[in-house]
Amino acid sequence: MVRPTLRSGKRKYRKTVSGKITIYRPRKVAGHPKCAECKKPLTGVAKGVRSQVRKMKKSERKPSRVFGGNLCSPCTRRRIIVATRS
């Protein structure tokens, strides 16, 4: 039996090589990270389950600029322009 925390996913029945039918639970697919302001998918940010993303290099996970991994570039540009004017 699968751990109770992992039981929320779908069940699929697969036939093994020996002819026995077993329950197969496909892994959940992670969605794209989105911009905090405009909700567009972020480019240059790693898409994956948290455990997969943690194993990547820091430079592969998100861009190394201000608000990298949180805001898209147009929203970041807008924020910087507003901050420099006031």
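Listing for the model above:
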quantity	calculated
Selection from the range 57-67 of residues that are over 14 Å from Lys47 (Cα atoms) and surrounded by 15 or more Cβ atoms within 10 Å (Cβ to Cβ)	Phe67
The range 19-36: number of residues that are part of a strand (DSSP E or B) and over 30 Å from Val66 (Cβ atoms)	4
Test result for Pro33, touching a Lys or Arg at 6+ places or on another chain (Cβ under 8 Å) and loosely packed, with under 11 Cβ neighbours inside 10 Å	no
Test for Thr5: is it open to solvent by less than 60 Å² (accessible area, probe 1.4 Å) and either at pLDDT below 90 or on the phi < 0 side of the Ramachandran plot (or both)	no
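Listed here are the residues, each with its yes/no results for (1) open to solvent by less than 100 Å² (accessible area, probe 1.4 Å); (2) among the β-branched types (Val, Ile, Thr); (3) in a loop (DSSP other than H, G, I, E, B); (4) modelled with pLDDT under 85.
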residue: Tyr13; (1), (2), (3), (4): no, no, no, no
residue: Val17; (1), (2), (3), (4): no, yes, yes, no
residue: Cys38; (1), (2), (3), (4): yes, no, yes, no
residue: Thr84; (1), (2), (3), (4): no, yes, no, no
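The values are calculated or read from the model by the stated rules, or taken from the named source; none is laboratory data. For clarity, every value in this text was computed on a predicted model and none was experimentally measured. Positions of Cβ are backbone-derived with ideal geometry, glycine not excepted, and every protein chain shown enters the neighbour counts. Note: accessible area is taken over every heavy atom of the protein model, side chains too, but ligands, DNA and RNA are not part of it. Shrake-Rupley method; radii C 1.70, N 1.55, O 1.52, S 1.80 Å.
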